[in-house]
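Peer 1: This is the structure I want to talk about, given as structure tokens.
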Amino acid sequence: MTFKTEEVSEQFSDDRPKGRLVSLTSFPQSAPQQNSEFQLKNEDEYHTLNLIPYLIEEEGDEGEEEIQAEAPDLVYPTRNIEWVLSSQCDSHTLPVTDPETFLSAAKQEVHSRGVASGSAAGSLWELLLLLGMHSALTETQDHESGAVYAYLIYSSSVAAGAQSGIEECKYQFAWDRWNCPERALQLSSHSGLRSANRETAFVHAISSAGVMYTLTRNCSLGDFDNCGCDDSRNGQLGGQGWLWGGCSDNVGFGEAISKQFVDALETGQDARAAMNLHNNEAGRKAVKGTMKRTCKCHGVSGSCTTQTCWLQLPEFREVGTYLKEKYHRALKVDLLQGAGNSAASRGAIAETFSSISKKELVHLEDSPDYCLENKTLGLLGTEGRECLKRGKLLSKWEKRSCRRLCGDCGLTVEERRAEMVSSCNCKFHWCCAVKCEQCRKSVTKYFCVKKEKRERSGGGISRKKDLRLKKKP
Amino acid sequence: MAGAIIENMSTGKLCIVGGILFVFQIVAFLLGGLIAPNPTSVIHSTATKCIDVQKNHHKTKWFMPWGPNQCEKISSFDEALKRQIEANDIVFAVHIPYISKEMNPWFQFMLSIMQLDIAFKSNNFIQENAMVTLDVTMAYRNDLSGKWTELARSTEQRKLKCKLPTPKSQISEGHYYECDLIPLIELGSVAHKYYLVNIRLPVNERKKVNIGIGEIKDLKLTTIFQNGGFTKVWFAMKTFLTPSILIIMIWYWRRITMMTRSPVLLEKVIFALGISMTFINIPVEWFSIGFNWTWMLLFGDIRQGIFYAMLLSFWIIFCGEHMMDQTERNRLSRYWKQVGPIAFGSCCLFIFDMCERGVQLKNPFYSIWATDVGTELAMAFIIVAGICACLYFGFLCFMVFQVFRNISGKRSKLPAMSKTRRLHYEGLIFRFKFFMLVTLACAALSVIFFITSQVNEGHWTWDGTTVQVNSAFFTGIYGMWNLYVFALMFLYAPSHKNYGDDQSNGDLRVNSAEELQLTTTITHADGPTEVFRLAGKEAQE
């Protein structure tokens, strides 16, 4: 473990990631004049801060309170965790004047704590933690230098984007054996090795896609003042940029910033790093690939002699669905054996990855058996998971979820009934429902339980159903 | 008197003229492809959701999405639900353009399209024939700290044409509908620096206003405007082309007036074509930089319409005057059957344009397509215009067919003629065909470029050089028709060469006596071209 820490800090002193992060600060800054806008940023970052303890909490709860699992609202964290986190940040007065030292210091800070609490490098987890630290810093210190400000502008969007990626991952994998647990974000460091399987590939892709998506969207909300309007690119004559040729797409901007933030987390130069970078790129390509081209005619009398076309962001769900398909068709690359850290093998790695389409997900290892609990890998197993059965409007994949999660894993399905109070017969407007009634309804839910345990517990459900369940193997 | 320049010019000279025109054509394409940026730009905005805390819907208050006086905003409607904010208290605010950018008169026009992100909920879905009612206000200001001045205010209804990409089931819960674009604003001039749009979607259950339109998640506004760089290149081109066409036009008319006879129909039509081309060319748009002339968009439409009508009429008359049958035409009334549909179709489109862009001068949010009656009316105009166009092209194709049939008929008689005469006539027929070919090529090139610009993504890149295909299309096609009109006036101007000069012309060693006989026998048809006279003569024989 100690060795690991050293290695990590050594990697951070490497030139590559620093260079990337620092290049962020080269964006034009009109920040100092807009104090009021800054106020708003603070408000946003407050949520970012909340995000981290929320993740911590979820981890422990996994698989314990499924009864209330019906569409939980966003659980806000307990105050004390939040306080601990911010106070930890405060206690170390990080030098803010120089962004380079600030970032590396922050990273090391994260690492020392991350290792202490059992998590490690190069993960999304780290990204969130890092951004959380920054927002904590913003709240306490008002005298930012412009450079750090430029970094902070995007940090809330990046964090929100990563979060939306995780939420999408959870949605997409809700009825799979692996259900995108929070642990996935730490990318299992217990063995000292980061996993490099299909699921890791998906997590990397969806989070970089989420970051790109959110940045692009927030661009159009007017959150940043230089969205897609990099003057150097359009100013073909005399650099008149905006007046001469307008702005380019916000997507390019989102892509660039996402690349800088997410790819900078990957500090190694081995096959795993190459794989993660490839999958990050695949995630960004997925956003571009799902974009829709829309055109508007505005020629003579509104005819199509003149038309303008643009690319439109899809719903993020579409990106998730697209990546899920890519997940099923992910390519396995055999590079782990005998690959040292020599320059030659690096060349081989780069060559292998460059020969694979940037749109495809890539993994190096096979996935472990997600049926079983595996503490060394940090897997929880499917025991206790909810599954779906016999719904009228369920898809095939969902209908088979009980068999996949329970039956095929050697577990049996248990039926539990619960009374639910929910609002119903609501009158809806386009926003915000008005006048709802409270309805009680009983819902039947299905859970995977161990065979012996089920036999022992026996009661709780009617005998009829018990019999029927027993008939099914 | 001799024929048109095209007949009396040697092949070599003709090639030189063709070459020069071709060079200009290439320059026109490159001007758009290499110098000009893309013709239009797009600003994507997602509306900020502001809360009207004052609960005063009548007082004019502007909601800014950012900046010093920004409104109280919510990030999503889930938040509104928690805080018990009603739909009527929500204002969508969009600032055009982005922060730290400003609009400019060089942008010429601005149109905004609205898109609604509507999530499917099984208990709150979009009903059949749903209409969305918008309370839109638009304001402008010219400095960042100044006050907003109202530009327009209106209550608009728009049809909500949405469909769900997946079947309605539990899986699609929360999925977004795919909705058609909703045209919202059209401004014919961009005279101010900053624009602000505030949109409300008022709900009234009694009057069934904004009921059954699903659960709106976001409102997006896409704003299209012409790029300043393109406008500049375009203006430069117009400013250069206007005197060129004007000079050749004056030269042409002087040639005609120098003749002893009065000008024939074809000559007049060519002159009219020149006038309509000049009308398009005159760069009155320069004034739009200094003045807030919102009618410029409509004026541009009218100018283009006049030119198209003129060009189509010219083609018909050109074919008719080369028919080489016994019928005497030379009067516009003879062509009423063919020109009638053009005039009628143009009128239909003009009325339609007045209904759309004309009304937009008063109310920039107006759209004829918003109401059922308007849609039917607009469709009626367009369909009638379409029928007229079909009729016209039917006539045109038939006439072209007739001309070629007559030419081949004459050609079979050519071997019986004397050698010099035969060579002469063959040359004439060749040149006539050549001109038909050029016309066809121009039309085909227009169509091909039009399709290309519709299909591809706007620019091609070769070794770091970006070619703006859309801009190249506009400047290229515009240049092409200018060159076409220029060539027409030049080559169809009456030749000043008399018969004596013809002798010296190496290409045409026509026996003057024979030529004299040829021309003098035709007394009635004083056609501008030799082919025409040939036709008349052959017919008389």
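The values are calculated or read from the model by the stated rules, or taken from the named source; none is laboratory data. Only a predicted model underlies this, so the values are computations on that prediction, with no experimental measurement involved. Using ideal geometry, Cβ is built from the backbone for each residue, glycine included, and neighbour counts are taken over all protein chains shown. Quick note on the areas: whole protein, heavy atoms, side chains included, nothing else; ligands and nucleic acids left out. Shrake-Rupley method; radii C 1.70, N 1.55, O 1.52, S 1.80 Å.
Peer 1: Which whole-number percent gives the relative contact order of segment B:42-226, counting Cα pairs below 8 Å spaced six or more residues apart?
Peer 2: 36 percent
Peer 1: Here's something else I'd like to know. Rank by packing, highest mean first: peptides B:76-83, B:182-189, with packing defined as the count of other Cβ atoms within 10 Å averaged across residues.
Peer 2: B:182-189, B:76-83
Peer 1: Residues of chain B: accessible area per residue at 1.4 Å, in Å²?
Peer 2: That works out to 45 Å² for each residue.
Peer 1: Same structure, new question: Using only atoms on other chains, find how many Cβ atoms lie within 10 Å of each Cβ of peptide A:356-364 and report the average.
Peer 2: 0
Peer 1: Next question. Do the alpha carbons of any pairs in A:Lys324/A:Lys451; A:Lys399/A:Lys450; A:Lys288/B:Lys73; A:Lys324/A:Lys396; B:Lys413/B:Lys433; A:Lys427/B:Lys49 sit beyond 26 Å of each other, and which pairs?
Peer 2: Result: A:Lys324/A:Lys451; A:Lys288/B:Lys73 exceed 26 Å.
Peer 1: Would you mind putting B:372-378, A:170-176, A:264-270 in packing order, based on average other-beta-carbon counts within 10 Å, highest first?
Peer 2: Ranked from most to least packed, the peptides come out as A:264-270, A:170-176, B:372-378.
Peer 1: A further question on this structure: Using only DSSP helix segments of four residues or longer, with each worth -39500 (n - 2.57), what per-residue ellipticity at 222 nm results for chain B after dividing by its residue count and rounding to 500?
Peer 2: Only helices count here, giving -16000 deg cm²/dmol.
Peer 1: With a 1.4 Å probe and all protein chains left in place, how much of the accessible area of segment A:382-451 comes from carbon and sulfur atoms, in whole percent?
Peer 2: Carbon and sulfur atoms account for 49 percent of the accessible area of segment A:382-451.
Peer 1: Which cross-chain or sequence-distant (5 or more) residues have an amide H under 5 Å from the amide H of B:Lys217, H modelled 1.01 Å from N in plane?
Peer 2: B:Asp117, B:Ile118, B:Ala119
Peer 1: For segment A:383-447, would you read off the P(r) tail past 14 Å as a percentage of all alpha carbon pairs?
Peer 2: 67 percent
Peer 1: What translational D, rounded to a whole number of µm²/s, comes out for chain B from Stokes-Einstein when the hydrodynamic radius is the Kirkwood one over Cα pairs, at 37 °C and 0.692 mPa s?
Peer 2: 119 µm²/s
Peer 1: Based on the alpha-carbon set only, what is the convex hull volume of segment B:261-314 divided per residue, in Å³?
Peer 2: About 69 Å³ per residue, rounded to a whole number.
Peer 1: What does the accessible area per residue of segment A:382-451 come to in Å², with a 1.4 Å probe and no ligands, DNA or RNA counted?
Peer 2: Per residue, segment A:382-451 has an accessible area of 56 Å².
Peer 1: Still on this model: With the calculation restricted to Cα positions, what are the radius of gyration and Dmax of segment B:42-226 in angstrom?
Peer 2: 16.9, 51
Peer 1: Quantify how strongly other chains surround peptide B:218-231 by giving the mean number of their Cβ atoms within 10 Å of each of its Cβ atoms.
Peer 2: The mean count of partner-chain Cβ atoms within 10 Å per residue comes to 4.
Peer 1: Ignore the peptide's own chain and count Cβ atoms of other chains within 10 Å of each Cβ in A:304-314; give me the average, rounded.
Peer 2: That average works out to 6.
Peer 1: Let me ask another. Rank-order B:340-352, A:291-303 by packing density, defined as the average count of other C-beta atoms within 10 Å over each peptide's residues, highest first.
Peer 2: B:340-352, A:291-303
Peer 1: B:Glu7: accessible area at probe 1.4 Å, nearest 10 Å²?
Peer 2: Rounded to the nearest 10, the figure is 10 Å².
Peer 1: Here's another thing I want to ask about it. Can you send over the solvent-accessible area of B:Met417, 1.4 Å probe, protein chains only, in Å² to the nearest 10?
Peer 2: That residue has around 30 Å² of solvent-accessible surface.
Peer 1: In Å², rounded to the nearest 100, what is the total accessible surface buried by chains A and B against each other with a 1.4 Å probe?
Peer 2: Accessible area lost upon association: around 5600 Å².
Peer 1: What FRET efficiency comes out for the pair B:Leu81/B:Thr371, r = Cβ-Cβ distance, R0 = 35 Å, nearest 0.05?
Peer 2: So the FRET efficiency works out to roughly 0.55.
Peer 1: How many percent of the accessible area of chain B is carbon or sulfur, using a 1.4 Å probe?
Peer 2: 63 percent
Peer 1: To continue, here is another question. Can you give the Kirkwood hydrodynamic radius for segment B:74-133, in Å, rounded to one decimal and based on Cα pairs?
Peer 2: When all Cα pairs of segment B:74-133 are included, the Kirkwood radius is 15.5 Å.
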